[in-house]
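The values are calculated or read from the model by the stated rules, or taken from the named source; none is laboratory data. Note that the structure is predicted; figures quoted are calculated from it, not measured. Here the Cβ positions follow ideal geometry from the backbone for every residue, glycine too, while neighbour counts run over all protein chains shown.
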Amino acid sequence: MGMTLDKLFLSFHVIGALMWVGSLFALMAFLDAYATEPDAAARGRLLKHLRQAAIVPDIGATIALVFGLHWLVKFKLYEAHYMHAKLSLVVLVIALHAFLKRKVRAAKNGETFAAPPVALKPMLTLLATGIVIFVISKWPL
């Protein structure tokens with residue numbers, strides 16, 4: 001069986017999701033380094049890297065969402081109960097993404113802010129794990 005366009009699109013969806021989640025971990029690390037750096041000159045150097053790191057989750061999310069929406073609509077996956085569970089977790093990933101982007105905006109504006117809570121890393125791990133479990137197990141049916 002050859003690769004169909006649909007399977008290519010699913011592959012792009014998965015790669016986008018991996019890029020998105022992985023880069024959110026990196027963004028949390030950069031935000032932590034920036035927020036806790038006492039030296040203004042060092043913070044200025046970190047800001048350049050923080051701004052670059054902040055672009056990657058946007059690209060990954062866009063790829064994941066565009067190609068995921070293709071599958072959701074074409075195969076009417078919105079009718080599947082497991083997709084309701086999966087998409088609920090995706091909404092939480094989007095909320096985490098928005099929370100981190102607000103901190104990046106604060107850094108760009110020269111505002112001080114607290115580092116992201118340490119609990120966000122295990123939370124993102126659990127969200128990604130849940131998403132994968134729902135999709136692979138197709139639970140709940």
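Only one of (1) surrounded by fewer than 11 Cβ atoms within 10 Å (Cβ to Cβ); (2) within 14 Å of L24 (Cβ to Cβ); (3) aliphatic (A, V, I, L, M) is not met by V93, so which one is it?
Looking at each condition in turn, V93 falls short on (1).
Which one of A53, A61, A35 is of a type outside the set (F, W, Y) and farther than 19 Å from A106 by Cβ? Break it down stepwise before answering.
Working: A53 fails: farther than 19 Å from A106 by Cβ; A35 fails: farther than 19 Å from A106 by Cβ.
Step by step, each of A53, A61, A35 is checked, and only A61 is of a type outside the set (F, W, Y) and farther than 19 Å from A106 by Cβ.
Tally time: how many residues in region 25-46 are more than 14 Å from A115 (Cα to Cα) and either charged (D, E, K, R) or in contact (Cβ under 8 Å) with a residue 40 or more places away in the chain (or both)?
Of the residues in region 25-46, 2 are more than 14 Å from A115 (Cα to Cα) and either charged (D, E, K, R) or in contact (Cβ under 8 Å) with a residue 40 or more places away in the chain (or both).
Between a residue in region 89-114 that is closer than 17 Å to S23 by Cβ and any residue that is modelled with pLDDT of 95 or more and of a type in the set (K, R), which pairs come within a Cβ distance under 6 Å, given they are 6 or more apart or on different chains?
Between residues of region 89-114 that are closer than 17 Å to S23 by Cβ and residues that are modelled with pLDDT of 95 or more and of a type in the set (K, R), there is no close pair.
Is there a residue in region 131-139 that is out of contact with any Lys or Arg (no Cβ under 9 Å at 6 or more places or on another chain), within 20 Å of S11 (Cβ to Cβ) and outside any helix (DSSP H, G or I)?
Within region 131-139, one or more residues are out of contact with any Lys or Arg (no Cβ under 9 Å at 6 or more places or on another chain), within 20 Å of S11 (Cβ to Cβ) and outside any helix (DSSP H, G or I).
What's the number of the only condition in (1) more than 25 Å from L141 (Cα to Cα); (2) in contact with a Pro (Cβ under 9 Å, 6 or more places away or on another chain) that A54 fails to meet?
It is condition (2) that A54 fails.
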